[in-house]
Amino acid sequence: MRKNRSSLTAAGIAIARAVESEKPADERICYDSYARQFVPGWMYLLIGFFIKSGYAEMRGPGVNGFLVARERYIDDVLQNFLDEGLHQLVILGAGYDSRAYRFDFPEGVKIFEVDHPDTQADKLEKVRSIFGKIPEHVTYVSVDFNTQHLSERLLSSGYDPSLLTLFIWQGVTMYLTPEGVDATLAFVTKNSTVGSAIIFDYVYQAVLDGIQQQSEISNMRRYRFMSGEELTFGIPESTVGKFLRARGFQQVKNATKEELKAAYFIGKKAGRAVIGGYGIVIGWV
């Protein structure tokens with residue numbers, strides 16, 4: 001089977017989670033017991049060395065801090081929704097996301113992982129290797145966000161618009177066209193019950209345009225021939241509330257670098273950097 005190049009990006013994020021998860025409980029930001037199993041051993045040793053040695057931090061100060069804080073923040077939001085009676089979870093552009101396997105879901109909660117066909121096929125190989133079979137509690141839906149309609153694929157796979165739903169859209173929007181982003185957000189507002197929400201991260205437009213220079217953006221563009229992913233979408237800083245309300249969302253909560261730092265980087269973690277130029281937002285229907 002041809003390996004999809006975008007799985008390289010998914011592997012890099014999984015390695016960041018895995019390295020963080022190896023730290024003592026009072027030194028780590030997030031924890032994912034499955035992350036290391038989603039990547040080849042040689043890749044973990046190579047990229048893990050760059051992270052542990054401090055080289056990755058030197059090349060992109062605060063990038064790893066944002067990645068692990070993003071993981072933790074979305075984990076906390078998911079747990080809050082579960083505590084409040086979540087009935088349905090949709091993970092868009094799932095990559096090597098392991099939330100469907102490491103959270104304690106009440107019986108009856110419907111879980112969907114949505115991703116590009118090639119990336120999802122690769123993910124399923126890894127899932128079979130880890131668990132010995134494909135878990136029955138997860139429905140896998142293949143879709144290309146830029147060329148296919150999410151409504152057609154998800155609704156035909158058993159998604160129920162009447163259930164309280166959380167959509168997780170992590171590390172995806174910056175690689176889509178504006179039309180692809182709008183189409184996905186429109187599906188959420190038109191096919192979700194009141195109280196449902198979507199959480200996603202995004203890059204500031206000034207960073208995407210190069211007005212605000214950040215080394216990790218330059219590196220991502222320099223090596224896009226390896227990942228096959230090009231940065232294409234951003235939202236101007238401090239405008240995401242207006243952006244989502246214009247698309248039908250009733251309530252918006254945005255998390256900035258400063259809020260992530262205050263929430264998670266305390267005690268032994270206080271000295272770690274978190275890069276700016278990105279936000280994480282929740283929009284409620």
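The values are calculated or read from the model by the stated rules, or taken from the named source; none is laboratory data. Keep in mind that what you see is a predicted model, and the values were worked out from it rather than measured. Heads up, the Cβs are rebuilt from the backbone with ideal geometry, glycines too, and the neighbour counts pull from every protein chain shown. Just the protein is used for accessible areas: all its heavy atoms, side chains included, with ligands, DNA and RNA removed. Shrake-Rupley method; radii C 1.70, N 1.55, O 1.52, S 1.80 Å.
Average accessible surface for region 54-151: 42 Å² per residue, computed with a 1.4 Å probe over protein heavy atoms with every protein chain in place.
Between the alpha-carbon centres of region 230-258 and region 96-140 there is a gap of 28 Å. Remark on residue 163: its backbone amide H falls under 5 Å from those of 193, a criterion applied only to residues 5 or more positions apart or on other chains, H modelled at 1.01 Å from N. Helices assigned as whole DSSP H runs in the chain whose Cα atoms extend at least 20 Å along their own long axis and whose mean Kyte-Doolittle hydropathy is -0.5 or higher are found at 6-21, 63-83. Residue 232 contributes about 60 Å² of solvent-accessible surface, heavy atoms of the protein only, 1.4 Å probe.
Once all protein chains are placed together, residue 109 keeps about 20 Å² accessible to a 1.4 angstrom probe.
For the chain, what does the alpha-carbon gyration tensor say about shape, rounded, prolate or oblate, given a ≥ b ≥ c as the root eigenvalues, a/c under 1.5 as rounded, and a/b over b/c as prolate? Note, shape of the chain comes out rounded. A 1.4 Å probe, protein heavy atoms only, puts the accessible area of residue 52 near 120 Å². At an R0 of 25 angstrom, the distance between the Cβ atoms of residue 55 and residue 263 translates into a FRET efficiency of 0.40. Can you work out the base-10 log of I(q)/I(0) for region 226-285 at q = 0.16, 0.30 1/Å, using the Debye formula on its C-alpha atoms alone? Here the Debye-derived log intensity ratios amount to -0.68, -1.18. With a/c under 1.5 counting as rounded, go ahead and sort region 167-209 into rounded, prolate or oblate using the C-alpha gyration tensor (a ≥ b ≥ c being the square roots of the eigenvalues; past the cut-off, prolate if a/b is larger than b/c, else oblate). The shape class here is prolate. Amide H contacts of residue 111 (H built 1.01 Å from N, in plane; Pro and chain starts excluded): 89, 139 sit under 5 Å, all sequence-distant by 5 or more or on other chains. Near the amide H of residue 143, within less than 5 Å, lie the amide hydrogens of 115, 116, all on another chain or at least 5 residues away, with H placed in the peptide plane.
Multiplying the residue separation of residue 148 and residue 206 by 0.36 nm and subtracting their alpha-carbon distance yields 18.0 nm. Overall, the accessible surface of region 37-163 at a probe of 1.4 angstrom is composed of carbon and sulfur to the extent of 53 percent. The simple spin-label model puts a point 7 Å past each Cα toward its Cβ; for residue 26 and residue 137 those points are separated by 3.3 nm. The residue 163 and residue 46 beta-carbon pair, evaluated with R₀ = 30 Å, returns a calculated FRET efficiency of approximately 0.10.
Taking the chain as a Gaussian network of alpha-carbon nodes connected by springs under 10 Å, the highest mean-square fluctuation of the residues 29, 275, 130 belongs to 130.
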